[in-house]
Structures are given as structure tokens and as C-alpha cells.
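I am attaching a structure below and will ask some questions about it afterwards.
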Amino acid sequence: MTLFVGLGNPGSQYENTRHNIGFKVIDKLVDDFSARDISKTSFHGKLYRSANTLFLKPTTFMNLSGKSLIAVKHFFKIELEDIIVIHDDIDLPFAAVRFKKGGGHGGHNGLRSIDSTVGKEYLRIRIGVGKPEHKSQVADYVLHDFNKEEEAVLDKLILHVTEASKALLSEELNEVKSKFSLKSIDALER
């Protein structure tokens with residue numbers, strides 16, 4: 001069983017923020033797979049299932065994402081290598097896409113929470129959202145909506161990451177990396 005976890009914050013005020021791009025990808029995957037809602041209070045999130053694939057949107061707020069993930073992991077007895085976390089990354093330029101197994105959390109509170117509950121050896125799909133000029137602006141930046149230029153290509157970016165996610169179900173990581181890694185928005189617009 002494979003578990004895709006999209007990171008974000010619950011609530012309409014966060015819906016279109018940079019921090020919620022993981023949720024947007026999960027929404028698209030749920031649609032594409034016609035996954036059914038199997039959420040339970042004990043999962044601390046919205047959980048959907050299609051055959052042997054689960055899609056999770058933790059509703060704990062970003063800083064406690066691990067609480068939701070560990071509940072689902074234990075309930076379905078999912079191995080760490082079958083967990084794929086989709087998240088925003090300020091260390092990548094907007095629309096860059098990278099794949100990484102393990103590593104640090106880079107100051108991302110959602111990843112920090114997951115690392116502390118299940119360990120670090122899960123696969124991450126990192127989606128670049130760019131970064132603000134000053135480090136002190138990070139929290140405000142990720143909780144703001146995408147700007148007009150970013151909005152214009154957001155659907156294409158979400159579609160790209162959705163296709164990469166599907167590929168991970170049947171292809172080797174290195175194959176997926178070579179096909180779906182993006183350096184910047186320019187690569188997406190080709």
C-alpha cells in the first residue's frame with residue numbers, strides 16, 4: 001500500500017497559499033483516481049483510498065502533520081518506504097520540482113513534525129515556491145497566496161507533480177527523477 005501525504009493547513013483562508021500546494025496535488029490525485037473518502041476522526045485528516053493507494057491531507061495544521069501521518073501509518077501498517085510526502089520548498093525556485101529520500105527538514109515545520117514521529121527515510125516531492133528577500137519574512141511568505149504570475153502556471157505545475165506521483169507507483173525513483181525533475185518555471189513552460 002502506498003500513502004501520499006500532501007502538506008498544508010486546513011481552512012479556506014489557507015486554501016491558495018504557497019504552504020498548501022501539497023493539498024492541491026492531493027486534491028488532483030483524489031479526482032484522477034476517483035478515490036473515496038475513508039476519513040475517521042482518529043486519522044486527524046482527510047483520507048481517501050483507491051485500491052492500494054491512500055491520499056492524506058492532515059487537518060492538524062502544518063506543525064502537527066506527523067500526528068495525522070503516524071495514525072494512518074499504524075492503522076494500515078504502511079512501511080516508511082511506501083510513504084510519499086508532497087510539500088512546498090522555499091529553497092527551490094518557484095515551479096522547480098525535486099525528489100528526495102530522507103534528509104533534513106530545512107526548517108519546514110510539517111517535515112519537522114513528520115521526522116519526529118516516523119523518522120526521515122520517506123520519499124519527498126519538493127515543490128519550489130521561491131523565497132522572500134529576508135529570512136524573517138518566511139512565515140508570512142508561505143502563508144500568502146500565490147501571485148498573479150505564479151497563479152497563471154499553477155494548474156500546469158500541479159498537473160506535472162500529479163503525473164510524477166502516478167509514475168512513482170510503477171517506476172523506479174531514478175526514472176521518475178530524470179523525467180519529472182524541474183529546475184525552474186522555464187522548464188515547466190516548455
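The values are calculated or read from the model by the stated rules, or taken from the named source; none is laboratory data. Just so it is clear, the model here is predicted, and its values are computed rather than measured. Here the Cβ positions follow ideal geometry from the backbone for every residue, glycine too, while neighbour counts run over all protein chains shown.
Exactly one of these conditions fails for residue 45: (1) exposed (fewer than 15 other Cβ atoms within 10 Å of the Cβ); (2) small (Gly, Ala, Ser); (3) modelled with pLDDT of 95 or more. Give me its number.
(1)
Quick check on residue 65: is it within 15 Å of the chain's Cα centre (by Cα), among the hydroxyl-bearing types (Ser, Thr, Tyr) and in a helix (DSSP H, G or I)? Walk me through it before giving the result.
Details: within 15 Å of the chain's Cα centre (by Cα): yes; among the hydroxyl-bearing types (Ser, Thr, Tyr): yes; in a helix (DSSP H, G or I): yes.
So residue 65 passes the test.
Residue 123: touching a residue at least 40 places away in the same chain (Cβ under 8 Å) and not charged (D, E, K, R), yes or no? Show your work before the answer.
Working: touching a residue at least 40 places away in the same chain (Cβ under 8 Å): yes; not charged (D, E, K, R): yes.
Spelling it out, residue 123 is indeed touching a residue at least 40 places away in the same chain (Cβ under 8 Å) and not charged (D, E, K, R).
Hey, does the stretch 133-150 have a residue that's among the hydrophobic types (A, V, I, L, M, F, W, C), modelled with pLDDT of 95 or more and outside any loop (DSSP other than H, G, I, E, B)?
Checked the stretch 133-150: no residue is among the hydrophobic types (A, V, I, L, M, F, W, C), modelled with pLDDT of 95 or more and outside any loop (DSSP other than H, G, I, E, B).
Also: Out of 16, 20, report the one residue that is surrounded by 19 or more Cβ atoms within 10 Å (Cβ to Cβ) and under 30 Å from residue 138 (Cβ atoms). Spell out the reasoning first.
Details: 16 fails: surrounded by 19 or more Cβ atoms within 10 Å (Cβ to Cβ).
It is 20.
Of all residues in the stretch 168-187, count the ones that are at pLDDT 90 or above and surrounded by fewer than 12 Cβ atoms within 10 Å (Cβ to Cβ).
Step one: list which residues in the stretch 168-187 are at pLDDT 90 or above, which gives 168-183.
Then keep just the ones that are surrounded by fewer than 12 Cβ atoms within 10 Å (Cβ to Cβ); that gives 170, 172, 174, 178-179.
Qualifying residue count, the stretch 168-187: 5.
Follow-up. List pairs: first residue in the stretch 30-51 and over 26 Å from residue 167 (Cβ atoms), second residue part of a helix (DSSP H, G or I) anywhere in the structure, Cβ distance under 6 angstrom, at least six positions apart or on different chains.
Partner pairs satisfying both residue conditions: 42/71; 43/71; 43/72; 44/67; 44/68; 44/71.
Here's something else I'd like to know. Please state which one of 116, 165 is hydroxyl-bearing (Ser, Thr, Tyr), part of a helix (DSSP H, G or I), at pLDDT 95 or above and within 15 Å of the chain's Cα centre (by Cα). I'd like the intermediate steps shown before the answer.
On the way: 116 fails: within 15 Å of the chain's Cα centre (by Cα).
So the residue among 116, 165 that is hydroxyl-bearing (Ser, Thr, Tyr), part of a helix (DSSP H, G or I), at pLDDT 95 or above and within 15 Å of the chain's Cα centre (by Cα) is 165.
I'd like the full set of residues that are in contact (Cβ under 8 Å) with a residue 12 or more places away in the chain, assigned to a helix (DSSP H, G or I) and not charged (D, E, K, R), limited to the stretch 1-29.
14, 19, 20, 21, 22, 23, 25, 26, 29
Return yes when residue 153 is within 20 Å of residue 14 (Cβ to Cβ), at pLDDT below 95 and β-branched (Val, Ile, Thr) and no when it is not.
Values: within 20 Å of residue 14 (Cβ to Cβ): no; at pLDDT below 95: yes; β-branched (Val, Ile, Thr): yes.
Spelling it out, it is not the case that residue 153 is within 20 Å of residue 14 (Cβ to Cβ), at pLDDT below 95 and β-branched (Val, Ile, Thr).
Let me ask something else. For the stretch 81-107, which residues satisfy the criterion of being in contact (Cβ under 8 Å) with a residue 24 or more places away in the chain, in contact with a strand residue (DSSP E or B) (Cβ under 9 Å, 6 or more places away or on another chain) and either part of a loop (DSSP other than H, G, I, E, B) or among the aromatic types (Phe, Trp, Tyr) (or both)?
90, 91, 92, 93, 94, 95, 96, 99
When you go through 129, 118 one by one, which is the residue that is surrounded by fewer than 20 Cβ atoms within 10 Å (Cβ to Cβ) and either farther than 26 Å from residue 175 by Cβ or in contact with a helix residue (DSSP H, G or I) (Cβ under 8 Å, 6 or more places away or on another chain) (or both)? Step through it out loud before you land on a result.
Values: 129 fails: surrounded by fewer than 20 Cβ atoms within 10 Å (Cβ to Cβ).
So the residue among 129, 118 that is surrounded by fewer than 20 Cβ atoms within 10 Å (Cβ to Cβ) and either farther than 26 Å from residue 175 by Cβ or in contact with a helix residue (DSSP H, G or I) (Cβ under 8 Å, 6 or more places away or on another chain) (or both) is 118.
If you check every pair at least six apart or on different chains, which have Cβ atoms under 7 Å apart with a residue in the stretch 165-180 that is without any contact (Cβ under 8 Å) to a residue 40 or more places away in the chain and closer than 17 Å to residue 86 by Cβ first and a residue that is in a helix (DSSP H, G or I) and among the basic types (Lys, Arg) second?
167/179
Test residue 46 against the stated conditions and say whether it is in contact with a helix residue (DSSP H, G or I) (Cβ under 6 Å, 6 or more places away or on another chain) and basic (Lys, Arg).
Numbers: in contact with a helix residue (DSSP H, G or I) (Cβ under 6 Å, 6 or more places away or on another chain): no; basic (Lys, Arg): yes.
No.
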